[in-house]
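Notes for the one structure printed next.
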Amino acid sequence: MVDGIFRFLTRAAAGLTFLIVMGVLLALALGAYPALHKFGIGFISSSQWNPVTQEFGAAPAIVGTLITSFLALLLAVPLSFGITVFINELTPPWLKRPAAIAIELLAAIPSIIYGMWGLFVFAPWFAEHAQPWLTEHSAGWPLLGMLFDGPPMGIGMFSAGLILAIMITPFITAIWREVFALVPAVLKESAYGLGATTWEVIWKVVLPYTRAGVIGGIMLGLGRALGETMAVTFVIGNAHDISPSLFMPGATISSTLANEFTEAVGDMYLSSLFAIGLILFIITFIVLGAARLLLSRLRAKSLQSAAA
Amino acid sequence: MNMSRLLYIQRRATNLVTMAFAVLAMGVGLFWLSWLLWTLFSSGMPAIQVSVFTQITPPPGSNGGLLNAIVGSVILTLGGVLLGAPIGVLAGTYLAEFGRDSRLAATVRFISDVLLSAPSIIIGVFVYEIVVRRSGHFSAWAGIGALAIIVLPVVVRTSEDMLRLVPNTMREAAAALGAPQWKVTLMIVYRAARAGILTGILLSVARISGETAPLLFTALNNQFWSTSLDQPIANLPAVIFQFAMSPYEDWHRLAWAGALIITLGVLLLNILARSVLRPPRFSA
């Protein structure tokens, strides 16, 4: 009797977790319906975002989200790789734990702190010292000249991407450290025994073995970057324009929600905000889901080889 | 002979360059961390005064503190944990003890892992839709609900992991003495995994105490003293956001003080979770 009740309670709690996620999807879809119904599929491609005329399109926010996230990945992937190699392969045992904790601290710092630091410390420094130099030296180059063109304001897409990169690095590093540790020691030792250098062991033994997990870690970082809100809201400048320059202000889906949700006047405005929220949720759900599948595949593989 | 020597030097050089890059990457990581922490301390420390803890948030230009925001944050965080953690532990128990490899368990595990990294601002939008819009006003309850949803997947994951560490022989020994399953779980398995489960709960507290995005349109903010759960409530993250984005110098100072308080709190919780309550080790 009691057994049945207890079992039911745990089952209900597990089911509730599932229902919450489905509820999020449903609530967002219901809230988004008026806007999606009115603007149709054009909602995604339209770059109008005008509360006065009640015309809304998601393109600037979607493009801003994708650009800042990919920029973050571009910077965070090599950085995380270096840090993972340093902690897992290079440090003596006594230094491993302190080094790992220092990097984990980066993940523990709340995102609003990154935002404040970005706005008050990084942006002024960047505008004064780095931006003029980048603009000057990239002028004339075909692609770079366009990307780094613009007034040195400090805030903008580039700053947002850079701060995102620092924020997701500890997450990618944590996954990769765990994943690298799954490689059977025998594999690495035999490569070292044949005279391979540390780099050759990592590039030709560790990476091929952990490929699924390495990609999973990147996807997880991407999922984080896509949805990160406060740090981006502080430094992106919140402008609904699509600009070819990374130094211009922009907007992401999450920064738009943070800035405008409580001030949205009119049903269509609010519903459009729900609609971009729905788009963000679906994108991150797919990215994070793929990350989990890749990571669990690698774990299953290493369990198998451990059993063999 | 010459060729192989060249190849050897080339391999060594590649190794040297890549390993130097690894050291550099670690240096970059440490550099950002120290820059952040240094800013936080050098701007936050001078702003910490007694009045920060004794007065409520001021209008621009007058003196005040963060008392209402600190109290509000504590209420929201405690509420979020008290609501989210028990459900999380129960769900984790289902995954580790009952569901195991069933289809429901596999689905819940997957969904919960996705929820773990899902954008927290979306949780805020969700709670706005189902609580704030229905009730017609922002409230501390809505904030607590949003934070509880963020606590849930953290606790589900750590609870399941910790319960799975408990060796099966302990369950079998208790069952052999005639204990029903609920008694085995409550009195044997929970007791063995207690430290680990508490660690997970502490980590979830650390996670939500700095969360800003889900509170923006649930608990909102309140410039006055209020501890009513049915009213909008002041909280540190929202106050920091509002004050930092403002043009007023004295608001900026309070924002830095708040930022330092939050970060120290979060770091303290992290250290506590890691060191005081180490997950138990079993010799299987």
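Does B:ARG109 fit the bill of being out of contact with any helix residue (DSSP H, G or I) (no Cβ under 9 Å at 6 or more places or on another chain) and either open to solvent by less than 20 Å² (accessible area, probe 1.4 Å) or modelled with pLDDT of 90 or more (or both)? Quick ask: steps written out before the conclusion?
Values: out of contact with any helix residue (DSSP H, G or I) (no Cβ under 9 Å at 6 or more places or on another chain): no; either open to solvent by less than 20 Å² (accessible area, probe 1.4 Å) or modelled with pLDDT of 90 or more (or both): yes.
No.
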Discussion item. Looking at (1) more than 12 Å from chain A (Cβ to nearest Cβ); (2) surrounded by fewer than 24 Cβ atoms within 10 Å (Cβ to Cβ); (3) closer than 30 Å to A:ALA264 by Cβ, which one does B:ARG171 not meet, given that it meets all the others?
Written reply: (3)
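Residue by residue through the range B:158-168, note down the ones that are more than 13 Å from chain A (Cβ to nearest Cβ), buried (at least 23 other Cβ atoms within 10 Å of the Cβ) and among the polar types (S, T, N, Q). Quick ask: steps written out before the conclusion?
Looking only at the range B:158-168, we keep the residues that are more than 13 Å from chain A (Cβ to nearest Cβ), and these are B:158, B:162, B:164-168.
Restricting the remaining residues to those that are buried (at least 23 other Cβ atoms within 10 Å of the Cβ) gives B:158, B:162.
Within the range B:158-168, just B:THR158 meets the criteria.
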Discussion item. Return the residues of the range B:203-243 that are aliphatic (A, V, I, L, M), at the interface with chain A (Cβ under 10 Å from one of its Cβ atoms) and part of a loop (DSSP other than H, G, I, E, B); say none if nothing qualifies.
Written reply: B:LEU216, B:LEU220
Worksheet entry | Residue list for the range A:1-25, filter: touching a residue at least 24 places away in the same chain (Cβ under 8 Å) and open to solvent by 50 Å² or more (accessible area, probe 1.4 Å) | A:LEU25
Item to complete: Being of a type in the set (Val, Ile, Thr), open to solvent by less than 10 Å² (accessible area, probe 1.4 Å) and at the interface with another protein chain (Cβ under 7 Å from one of its Cβ atoms) is the filter; apply it to the range B:124-157 and report the residue that is nearest to the chain's Cα centre (by Cα).
Response: B:VAL156
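Of all residues in the range A:231-244, which are surrounded by fewer than 24 Cβ atoms within 10 Å (Cβ to Cβ) and either under 22 Å from A:VAL121 (Cα atoms) or touching a Leu at 6+ places or on another chain (Cβ under 6 Å) (or both)? Break it down into steps so the answer makes sense when it comes.
Step one: of the range A:231-244, the residues surrounded by fewer than 24 Cβ atoms within 10 Å (Cβ to Cβ) are A:237-244.
Of everything in the range A:231-244, those that are surrounded by fewer than 24 Cβ atoms within 10 Å (Cβ to Cβ) and either under 22 Å from A:VAL121 (Cα atoms) or touching a Leu at 6+ places or on another chain (Cβ under 6 Å) (or both) turn out to be A:GLY237, A:ASN238, A:ALA239.
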Worksheet, complete the sentence: Just one listed residue, out of A:THR262, A:THR256, is part of a helix (DSSP H, G or I) and free of Cβ contacts under 8 Å to residues at least 12 places away in the same chain, and it is A:THR262
Practice prompt. Just one of (1) crowded, with 16+ Cβ neighbours inside 10 Å; (2) of a type in the set (A, V, I, L, M); (3) assigned to a helix (DSSP H, G or I) trips up B:LEU267, so point out which.
Written response: (1)
Item to complete: Looking at (1) touching a Pro at 6+ places or on another chain (Cβ under 8 Å); (2) more than 22 Å from B:GLY145 (Cβ to Cβ), find the lone condition where A:THR17 falls short.
Response: (2)
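State all residues of the range A:63-78 that are of a type in the set (A, V, I, L, M), surrounded by fewer than 23 Cβ atoms within 10 Å (Cβ to Cβ) and within 13 Å of chain B (Cβ to nearest Cβ); if no residue qualifies, say none.
Within the range A:63-78, the subset of a type in the set (A, V, I, L, M) is A:63, A:66-67, A:71-77.
Now narrow it down to the ones that are surrounded by fewer than 23 Cβ atoms within 10 Å (Cβ to Cβ): A:63, A:66-67, A:71, A:73-75, A:77.
Result: A:LEU75, A:VAL77.
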Worksheet, complete the sentence: Of the residues in the range A:105-125, those that are open to solvent by 10 Å² or more (accessible area, probe 1.4 Å) and more than 8 Å from chain B (Cβ to nearest Cβ) number 3
Worksheet item: How many of the residues in the range B:19-71 are open to solvent by 30 Å² or more (accessible area, probe 1.4 Å) and closer than 30 Å to A:LEU95 by Cβ?
Response: 16
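Test B:ALA13 against the stated conditions and say whether it is more than 30 Å from A:THR17 (Cα to Cα) and touching a residue at least 12 places away in the same chain (Cβ under 8 Å).
Working: more than 30 Å from A:THR17 (Cα to Cα): yes; touching a residue at least 12 places away in the same chain (Cβ under 8 Å): no.
It is false that B:ALA13 is more than 30 Å from A:THR17 (Cα to Cα) and touching a residue at least 12 places away in the same chain (Cβ under 8 Å).
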Discussion item. Just to verify a result, which residue in the range A:39-54, among those that are of a type outside the set (S, T, N, Q) and surrounded by 14 or more Cβ atoms within 10 Å (Cβ to Cβ), is nearest to the chain's Cα centre (by Cα)?
Written reply: A:ILE44
Worksheet entry | Every residue from the range A:265-308 that is open to solvent by less than 80 Å² (accessible area, probe 1.4 Å) and among the basic types (Lys, Arg) | A:ARG292
Worksheet item: Can you spot a residue in the range A:26-36 that is surrounded by fewer than 22 Cβ atoms within 10 Å (Cβ to Cβ), away from chain B (no Cβ under 14 Å) and either of a type outside the set (Gly, Ala, Ser) or in a helix (DSSP H, G or I) (or both)?
Response: yes
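Based on this model, can you work out whether B:VAL74 counts as in a helix (DSSP H, G or I), more than 12 Å from every other protein chain (Cβ to nearest Cβ) and open to solvent by 20 Å² or more (accessible area, probe 1.4 Å)?
Values: in a helix (DSSP H, G or I): yes; more than 12 Å from every other protein chain (Cβ to nearest Cβ): yes; open to solvent by 20 Å² or more (accessible area, probe 1.4 Å): yes.
Criteria met by B:VAL74.
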Worksheet item: Out of the range A:200-214, which residues are within 12 Å of chain B (Cβ to nearest Cβ) and open to solvent by 50 Å² or more (accessible area, probe 1.4 Å)?
Response: A:TRP203, A:LYS204
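The values are calculated or read from the model by the stated rules, or taken from the named source; none is laboratory data. Every value quoted in this text rests on a predicted model; they were computed, and no experiment measured them. So basically every Cβ, Gly included, is an ideal-geometry build from the backbone, and we count neighbours across all protein chains shown. Note: accessible area is taken over every heavy atom of the protein model, side chains too, but ligands, DNA and RNA are not part of it. Shrake-Rupley method; radii C 1.70, N 1.55, O 1.52, S 1.80 Å.
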